[in-house]
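Input: a single structure, listed below in structure tokens.
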């Protein structure tokens, strides 16, 4: 494992186009990078992630992300002489009524879609969730957004998959 100013990298990999990336826990020092990075995510990608138009992260979004005990990992471009560049973020948000289940979400920079980044980040999130006693991940997505469905199905056995009113609800057992 390589150590950064924030945390240790949990895993590393190389994307299809050759970029070396690493996954580590989100840390407070990532706040500005996350806010600035979100501004560069396309409107379509934001809509696919949030199921609505979302022009910016709100103060509430940032509190929920940085000031909670949820599991949040970032995919970064590690650079030795500068801070890591955040390229993606995945979360496992505990469900209050089901302590063994977390809601999965992921958001990646548009430039790395289809390069293997989501798979690397999701696999590590699932492993870290298992380490915390989580047995199920759920996801809510647009019915037409196949990428997060493939990511979830890639880390566990699908136990629920339903599409209603253009939205897909999916659950996997880890």
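The figures follow:
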| read-out | value |
| --- | --- |
| Computed E for residue 169/residue 63 - FRET, C-beta separation, R0 22 angstrom, nearest 0.05 | 0.25 |
| Value at 222 nm in deg cm²/dmol, rounded to 500, when DSSP H runs of n ≥ 4 in the chain each add -39,500 (n - 2.57) | -8000 deg cm²/dmol |
| Percent of C-alpha pairs per 5 Å bin, the range 11-173, short to long | 2, 9, 18, 22, 22, 17, 8, 2, 0, 0 |
| Highest-MSF residue in the chain out of 152, 75, 65 [GNM, Cα springs under 10 Å] | 65 |
| Share of pairwise Cα separations in the range 1-93, more than 17 Å, in percent | 52 |
| Estimated distance in nm for a label pair at residue 19 and residue 142, the labels positioned 7 Å out from Cα along Cα-to-Cβ | 2.1 |
| Relative contact order (%) - the range 11-173, alpha-carbon pairs under 8 angstrom, separation at least six | 19 |
| With Cα atoms, 0 to 90° folded angle of helix 117-131 axis to the chain main axis | 70 |
| Virtual paramagnetic centre 7 Å along Cα→Cβ of residue 33, amide N under 17 Å, in the range 47-90 | 65-67, 72-90 |
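Quick note: the coordinates plus some simple rules give every number you see, no bench work behind them. The shown structure was predicted, so the numbers you read here are calculated from the model rather than taken from an experiment. As a convention, Cβ positions derive from the backbone with ideal geometry for all residues, glycine included, and neighbour counts pool all protein chains shown.
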